[in-house]
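S.K.: My structure is below; once you've seen it, I'll send some questions.
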Amino acid sequence: MAIIDFFDRGWRSNPNGSAYIQDDRHFSFNEVGELSCQIANALLATGMPKETKGAVWATNDVTAWTCTLGLWRANMCWIPVGARNAAEENHYLLDAFDCEVLFFQKYFAAVIAELKPRLPKVKLWVCIDGAPAEIPDAVTLDNWLTGQPTSKPNVAVELDDVVMLSGTGGTTGLPKGVMNTHRSAQTFCAHFLMTCTYGGNERPVNLAAAPMTHTAGLLSLPATSRGGTVVVVTKPDPALLLGAIPKYKVSEFFLPPTVIYRLLDIPDLKQKVDFSSLRYVMYGAAPMSIEKLKQAIEVFGPVMTGGYGQTECPASIAFMRPDEHLNSDGQIACDERLSSVGRPNPLIHCEILNDDNQILPQGESGEICVRGDLVMKGYYKAPDKTAETIIDGWLHTGDVGHIDAEGYLHITDRKKDMIISGGFNVYPSEVEQVLWAHPAVQDCAVIGVPDAQWGEAVKAVIELNAGQQVSAEELITLCKDKLGSVKAPKTVDFVEALPRSPVGKVLKKDLRQQYWANTERKI
């Protein structure tokens with residue numbers, strides 16, 4: 001199936017039903033489907049080929065998401081850019097990934113106008129909600145679509161055509177472009193549909209509360225494929241999220257653990273909100289506290305659904321169904337079970353490999369590796385990086401773990417230095433580059449440390465130049481200005497000398513050990 005088929009299947013079965021709801025406004029499948037066709041036809045009318053890459057710079061918004069659907073309908077490639085990213089990060093993604101079409105909300109026009117002279121590859125600027133004075137050569141979506149037909153264009157599709165080019169990070173700190181295809185996207189959707197089942201003609205109501213440029217966008221596709229409704233929350237506001245659940249009879253949603261923790265901190269939450277419509281509350285993107293998971297089961301009901309994936313293997317290497325959180329007697333399962341990420345999904349092959357790329361016996365720890373149709377096509381314009389990550393067909397995740405006697409996958413450590421804070425990837429070397437630029441800093445190391453709210457918090461350990469001084473607050477502010485608040489350190493420690501190997505390499509493992517020594521998990 002092409003990725004757009006997961007919308008079109010619902011369009012055919014429920015044409016007059018609500019595909020999306022935003023701010024009490026209902027958007028029918030017919031309305032969204034026809035608009036996506038106009039967008040696709042307008043894109044094709046430019047003469048740009050299917051390899052064309054387009055980005056959507058917007059907050060959660062139905063029209064913005066419809067632009068993504070339009071790109072897919074034209075069999076073009078979507079570059080997700082986060083509305084919360086620092087401007088320079090989005091500039092890098094748009095430029096390095098050869099973006100040619102940029103859809104954007106007027107709210108972001110000023111910052112985009114500043115970047116525009118450094119984005120010479122972008123040929124078409126489309127403002128989805130008005131005419132921005134800052135970018136006079138931008139077209140408005142309404143004007144651009146004038147005269148475009150609402151019929152589906154006839155576009156040839158190959159399963160290995162790239163439909164998503166998502167930024168990730170690596171040892172250099174610069175994002176690599178992960179090329180996901182119709183094949184990997186359909187495998188993700190199939191995994192989700194196998195795990196989160198609905199009976200008869202029941203249609204899901206999916207709540208898109210997390211950023212749709214993140215996991216929430218992909219997770220909306222299985223809902224629309226069933227003719228279900230996606231309720232779009234435009235701001236990360238717990239009151240909006242909680243209010244939407246009983247109002248729209250929400251049956252499923254995804255949140256990273258840090259947001260779930262904030263909800264659980266609300267006094268008497270279970271008594272204040274009717275959660276009876278929920279069937280699946282999905283968590284993932286970062287390790288979750290076992291105690292908080294137990295609390296979530298008590299508050300939301302037996303609906304918690306764990307997931308594990310990564311950009312290179314989109315969002316569905318493993319799932320843990322709601323019933324797997326419980327024993328046969330209905331009581332909450334043991335901590336060993338709850339600490340897992342579930343069983344590997346059926347349409348992939350997941351094994352634990354040693355450093356010689358040999359499959360280890362069940363129970364032994366090594367690197368989690370995956371092969372099958374879920375795996376990305378490769379890294380964009382980086383065959384060397386692709387060859388380092390996909391070896392003999394196995395995608396090396398960089399995560400260390402084991403599969404227990406019951407077949408549950410456990411992640412116990414991380415080979416790479418990446419930090420997952422509140423469900424967002426933070427790459428230490430990117431932060432270190434900013435810190436090294438300060439004149440008082442001789443050397444530094446950025447690591448993740450345990451944090452009750454964020455899962456991992458970013459910590460900077462600083463070695464100062466002789467006779468120099470700088471405050472923790474000044475360094476944190478510097479990083480916030482350059483990288484945004486998500487990637488900025490939450491805390492800064494100063495040391496006389498960083499631990500180093502005989503060849504002078506900073507030993508981050510030794511730094512991490514003192515902060516993780518009294519914790520059971522290592523990520």
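The values are calculated or read from the model by the stated rules, or taken from the named source; none is laboratory data. Since we're looking at a predicted model, the values are computed, not measured. All Cβ positions, glycine included, derive from the backbone under ideal geometry; neighbour counts span all protein chains shown. Each accessible area value is taken on the protein alone, full model and side chains, heavy atoms only, with ligands, DNA and RNA left out. Shrake-Rupley method; radii C 1.70, N 1.55, O 1.52, S 1.80 Å.
S.K.: Looking only at region 394-416, filter to residues that are out of contact with any Gly (no Cβ under 9 Å at 6 or more places or on another chain) and closer than 16 Å to residue 338 by Cβ; which one of those is least open to solvent (accessible area, probe 1.4 Å)?
M.R.: 407
S.K.: May I pose another question? Of all residues in region 187-237, which are free of Cβ contacts under 8 Å to residues at least 40 places away in the same chain and closer than 25 Å to residue 371 by Cβ?
M.R.: Answer for region 187-237, where residues must be free of Cβ contacts under 8 Å to residues at least 40 places away in the same chain and closer than 25 Å to residue 371 by Cβ: just 193.
S.K.: For region 42-55, name all the residues that are open to solvent by less than 20 Å² (accessible area, probe 1.4 Å) and touching a Cys at 6+ places or on another chain (Cβ under 8 Å).
M.R.: 52, 54, 55, listed by residue number.
S.K.: State all residues of region 38-55 that are assigned to a loop (DSSP other than H, G, I, E, B), more than 16 Å from residue 2 (Cβ to Cβ) and charged (D, E, K, R); if no residue qualifies, say none.
M.R.: Across region 38-55, there are no qualifying residues.
S.K.: Find the helices (runs of 4 or more DSSP H) located wholly in region 368-487 whose residues include 1 or more that are modelled with pLDDT of 95 or more, and list them.
M.R.: 383-389, 472-483
S.K.: Please enumerate the residues belonging to region 325-351 that are of a type outside the set (A, V, I, L, M, F, W, C), touching a residue at least 40 places away in the same chain (Cβ under 8 Å) and touching a strand residue (DSSP E or B) at 6+ places or on another chain (Cβ under 9 Å). Give the steps one after another, and end with the answer.
M.R.: Here is the first cut: in region 325-351, the residues of a type outside the set (A, V, I, L, M, F, W, C) are 325, 327-331, 335-337, 339-340, 342-346, 349, 351.
If we keep only those that are touching a residue at least 40 places away in the same chain (Cβ under 8 Å) as well, we get 335-337, 339-340, 342-346, 351.
Selection gives 336, 337, 339, 340, 342, 343, 344, 345, 351.
S.K.: Here's a follow-up. Select from region 183-208 the residues that are in a loop (DSSP other than H, G, I, E, B) and under 20 Å from residue 308 (Cβ atoms) and write down the one among them that is least open to solvent (accessible area, probe 1.4 Å).
M.R.: Filtering first and then ranking leaves 196.
Here is a yes/no grid of residues against (1) farther than 24 Å from residue 191 by Cα; (2) in contact with a Pro (Cβ under 9 Å, 6 or more places away or on another chain); (3) in contact (Cβ under 8 Å) with a residue 40 or more places away in the chain:
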position	(1), (2), (3)
7	no, no, yes
16	yes, no, no
23	yes, no, yes
46	yes, no, yes
50	yes, no, yes
59	yes, yes, yes
83	yes, yes, yes
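S.K.: Answer with yes or no whether residue 373 is surrounded by fewer than 19 Cβ atoms within 10 Å (Cβ to Cβ), touching a residue at least 60 places away in the same chain (Cβ under 8 Å) and either under 29 Å from residue 198 (Cβ atoms) or of a type outside the set (D, E, K, R) (or both).
M.R.: Details: surrounded by fewer than 19 Cβ atoms within 10 Å (Cβ to Cβ): yes; touching a residue at least 60 places away in the same chain (Cβ under 8 Å): yes; either under 29 Å from residue 198 (Cβ atoms) or of a type outside the set (D, E, K, R) (or both): yes.
When the stated conditions are applied, residue 373 passes them.
S.K.: Is there a residue in region 26-40 that is surrounded by fewer than 19 Cβ atoms within 10 Å (Cβ to Cβ), within 22 Å of the chain's Cα centre (by Cα) and either at pLDDT 95 or above or not hydroxyl-bearing (Ser, Thr, Tyr) (or both)?
M.R.: Step one: list which residues in region 26-40 are surrounded by fewer than 19 Cβ atoms within 10 Å (Cβ to Cβ), which gives 26, 28, 30-31, 34.
Those still in the list that are within 22 Å of the chain's Cα centre (by Cα) too: none.
Scanning region 26-40 turns up no residue that is surrounded by fewer than 19 Cβ atoms within 10 Å (Cβ to Cβ), within 22 Å of the chain's Cα centre (by Cα) and either at pLDDT 95 or above or not hydroxyl-bearing (Ser, Thr, Tyr) (or both).
S.K.: From 440, 466, which residue is open to solvent by 80 Å² or more (accessible area, probe 1.4 Å), over 24 Å from residue 257 (Cβ atoms) and touching a strand residue (DSSP E or B) at 6+ places or on another chain (Cβ under 9 Å)?
M.R.: Going through 440, 466 in turn, just one is open to solvent by 80 Å² or more (accessible area, probe 1.4 Å), over 24 Å from residue 257 (Cβ atoms) and touching a strand residue (DSSP E or B) at 6+ places or on another chain (Cβ under 9 Å): 466.
S.K.: Any idea which of (1) modelled with pLDDT of 95 or more; (2) farther than 19 Å from residue 197 by Cβ; (3) in contact with a helix residue (DSSP H, G or I) (Cβ under 8 Å, 6 or more places away or on another chain) is the one residue 226 doesn't satisfy?
M.R.: (2)
S.K.: Among 351, 336, 364, which is open to solvent by 70 Å² or more (accessible area, probe 1.4 Å) and not in a helix (DSSP H, G or I)?
M.R.: Within the list 351, 336, 364, the selection yields 364.
S.K.: Evaluate the following for residue 10: is it of a type outside the set (S, T, N, Q) and farther than 28 Å from residue 378 by Cα?
M.R.: Against the criterion (of a type outside the set (S, T, N, Q) and farther than 28 Å from residue 378 by Cα), residue 10 qualifies.
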